[in-house]
């Protein structure tokens with residue numbers, strides 16, 4: 001078990017240090033705030049000789065993803081990062097990467113999507129890419145971002161999985177903040193991650209076809225294999241998190257985290273950096289006698305249906321806090337949680353709160369208000385289908 005080097009560093013640098021230690025063969029990037037610092041650090045590592053990678057400056061995010069599709073198909077370990085509109089510009093290529101089972105590792109530094117134009121953080125960008133087949137993990141802290149990127153290469157490159165993976169961290173809040181980070185020795189990371197040895201790759205001596213035309217007798221089968229791989233990824237994410245904990249002595253992985261859930265009547269559920277604030281509020285309210293808990297969703301894809309049901313089995317209500325919206329439906333995470341309880345004989349009330357869109361502050365007071373609203377809904381014995389918008393500025397509506 002290694003304790004590693006302790007340092008105060010920016011979130012972007014912590015991610016770049018993790019990527020450097022994993023030694024990708026090809027890095028391709030196009031800058032967009034608040035992702036830019038990550039690829040700038042990586043460029044400096046390559047220029048100084050600290051990282052032996054091919055660094056390619058692309059002319060757009062679409063090109064950056066396309067470069068990695070080709071490099072990964074040729075057998076290279078690959079990495080890129082993006083945010084907001086840049087991530088959405090990659091969408092077509094990400095569908096291609098997932099369907100051709102290429103284990104590209106991608107950092108999404110979450111930022112709201114225009115219009116109106118904004119650089120503030122929410123989860124609209126990554127949640128819009130919930131359907132291509134890419135694995136999607138959300139992190140709470142800079143330390144967790146560092147640790148999760150190390151695990152990401154193992155998950156994506158596993159022979160039973162072979163899917164791209166997106167590690168999501170809140171823009172500015174994590175990417176540009178400074179925290180104490182315990183870094184691990186490079187040789188220990190290298191031993192944990194291992195070498196990428198694809199079972200098949202583009203080789204002029206053994207020709208293969210990637211992305212060929214598929215008629216009506218083939219395309220559904222491709223989608224089916226993505227479903228199977230994502231289901232297998234649930235167990236693999238947990239397995240690699242356990243190995244990481246046993247190797248390095250800390251837990252920074254898995255599908256979900258449960259906090260003070262056993263006897264809780266009301267559970268908060270959220271993803272990303274907001275979880276840290278919720279945990280403080282849970283402790284405060286517990287000291288005041290309220291039976292409240294927290295479920296932190298790490299893995300949005302694959303969705304941890306069984307783990308959520310187990311953690312929430314004693315709750316009267318789940319207050320699901322979404323920082324993204326599916327127009328006309330509401331909270332995206334909340335919709336998934338409702339689906340998880342479909343046909344379940346016993347299920348809690350699932351109350352959808354939309355908060356933090358466009359970077360709007362979600363603080364301890366607003367969380368207490370959500371708890372009070374959830375209690376009131378339970379007392380009235382009603383089921384609320386519509387999402388509740390938190391902190392609306394009604395003066396401009």
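The values are calculated or read from the model by the stated rules, or taken from the named source; none is laboratory data. Since this is a predicted model, take the numbers as computed values, not measurements. When we count neighbours, we look across all protein chains shown, and the Cβ atoms used for this are built from the backbone with ideal geometry, even at glycine.
For residue 314, state whether it is part of a loop (DSSP other than H, G, I, E, B) and under 22 Å from residue 389 (Cα atoms). Criteria not met by residue 314.
Total residues in region 374-387 satisfying the condition of being outside any helix (DSSP H, G or I) and either over 24 Å from residue 328 (Cα atoms) or outside the structural domain of residue 328 (by TED's automatic domain parsing) (or both): the figure is 1.
Scanning region 234-257 for residues that are at pLDDT 95 or above and within 17 Å of residue 139 (Cβ to Cβ) gives 237, 238, 240, 241, 244, 245, 248, 254, 255, 256, 257. Please name all residue pairs, on different chains or six or more residues apart, with Cβ atoms under 7 Å, provided the first residue is in region 169-198 and is assigned by TED's automatic domain parsing to the domain that holds residue 84 and over 21 Å from residue 12 (Cβ atoms) and the second residue is at pLDDT below 95 and not in a strand (DSSP E or B). Cβ pairs passing all conditions: 185/2; 185/4; 188/2. Filter region 260-299 for residues that are in contact (Cβ under 8 Å) with a residue 40 or more places away in the chain and part of a strand (DSSP E or B) and give the result. Within region 260-299, 266, 267, 268, 269, 270, 292, 296, 297, 299 qualify. Of the residues making up region 57-72, those that are crowded, with 21+ Cβ neighbours inside 10 Å and more than 21 Å from residue 47 (Cα to Cα) are 61, 65, 69, 72. If you go through region 18-31 and keep only what is surrounded by fewer than 24 Cβ atoms within 10 Å (Cβ to Cβ) and in contact with a strand residue (DSSP E or B) (Cβ under 6 Å, 6 or more places away or on another chain), you end up with just 26. Report yes if residue 148 is modelled with pLDDT of 95 or more, part of a strand (DSSP E or B) and surrounded by 19 or more Cβ atoms within 10 Å (Cβ to Cβ), otherwise no. No: the conditions fail for residue 148.
Scanning region 61-83 for residues being in a loop (DSSP other than H, G, I, E, B) and either more than 18 Å from residue 108 (Cβ to Cβ) or at pLDDT below 95 (or both) gives a total of 4. Taken over region 330-373, the criterion of being assigned to a loop (DSSP other than H, G, I, E, B), touching a strand residue (DSSP E or B) at 6+ places or on another chain (Cβ under 8 Å) and either outside the structural domain of residue 279 (by TED's automatic domain parsing) or closer than 19 Å to residue 126 by Cβ (or both) is satisfied by 355, 356, 362.
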